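One structure is given here, and the rest of the page talks about it.
The values are calculated or read from the model by the stated rules, or taken from the named source; none is laboratory data. Please read these numbers as outputs of a predicted model, since none were measured by experiment. No Cβ is skipped: glycine too gets one built from the backbone with ideal geometry, and neighbour counts run over all protein chains shown. Each accessible area value is taken on the protein alone, full model and side chains, heavy atoms only, with ligands, DNA and RNA left out. Shrake-Rupley method; radii C 1.70, N 1.55, O 1.52, S 1.80 Å.
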Amino acid sequence: LHQANIRIINAIRNYLQQPTEKFPVNIEDHGNSSSACCPILLDECNRKGLLKDGETIAMSAFGAGFVSGAVVFKW
């Protein structure tokens, strides 16, 4: 998810009743880097070996003026 606020990420994770490992975060390292947060986090997860071939990944980000975007894809 968009790395805007750890409380928002945790609230969404709790609402969906999903484990922490399904919601990687890097906000403590980069802060809110706007729409760049998703590809930055994806690259970091890939470099750490967290992504598996064939895995389904969902990404979502939002910006000023309530603009949002989302994608679901196979790795």
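Which log10 I(q)/I(0) values, to two decimals, does the chain give at q = 0.11, 0.20, 0.22 Å⁻¹ under the Debye formula with one point per Cα?
The Debye formula, applied to the Cα set alone, gives -0.26, -0.93, -1.13.
Using DSSP loop states and a limit of at most 13 other Cβ atoms within 10 Å to flag trypsin sites (Lys or Arg not before Pro), what is the longest stretch of the chain containing no flagged site?
On the way: sites that count: Lys48, Lys52.
Segment 1-47 is the longest.
I'd like the Karplus ³J(HN,Hα) series for the range 25-31: coefficients 6.51, -1.76, 1.60, θ = phi - 60°, whole numbers in Hz, and an x wherever there's a Gly or Pro.
9, 9, 4, 5, 8, 10, x
How big is the range 9-49 along each principal axis, measuring the range of its Cα positions in Å and listing the largest first?
26, 24, 16
Please name which of Gly69, Leu16, Leu50 has its Cα lying farthest along the dipole of the chain towards the positive end, using unit charges on Cβ (Lys, Arg +1; Asp, Glu -1) and the Cα centre as origin.
Checked the options; the winner is Leu16.
Give me the percent of accessible area attributable to carbon and sulfur for the chain, probe 1.4 angstrom.
Working: 3090 of 5360 Å².
Its accessible area is 58 percent carbon and sulfur atoms.
I need the phi-derived Karplus couplings for the range 50-61: 6.51 cos²θ - 1.76 cosθ + 1.60, θ = phi - 60°, integer Hz, Gly and Pro marked x.
Per-residue couplings from phi come out as 7, 9, 10, 4, x, 5, 8, 10, 10, 10, 8, 9 Hz.
For the pair Lys52 and Asn32, what calculated FRET efficiency results from E = 1/(1 + (r/R0)^6), where r is the Cβ-Cβ distance and R0 = 35 Å, to the nearest 0.05? Display every interim value, and only then the final one.
On the way: r = 28 Å, r/R0 = 0.80.
Using R0 = 35 Å, I get an efficiency of 0.80.
Report, in degrees rounded to the nearest 10, the 0 to 90 angle that the Cα long axis of helix 6-16 makes with the longest principal axis of the chain.
Helix 6-16 and the main axis of the chain meet at about 60 degrees.
Given a 1.4 angstrom probe, what's the average accessible area per residue across the chain, in square angstrom? Kindly include the intermediate steps, with their values, before the conclusion.
Details: 5360 Å² over 75 residues.
Spelled out: the 1.4 Å probe surface of the chain, per residue, equals 71 Å².
How far, in nm, would the chain grow between Ala70 and Asn10 when pulled straight, counting 0.36 nm per residue and subtracting the alpha carbon separation?
19.8 nm
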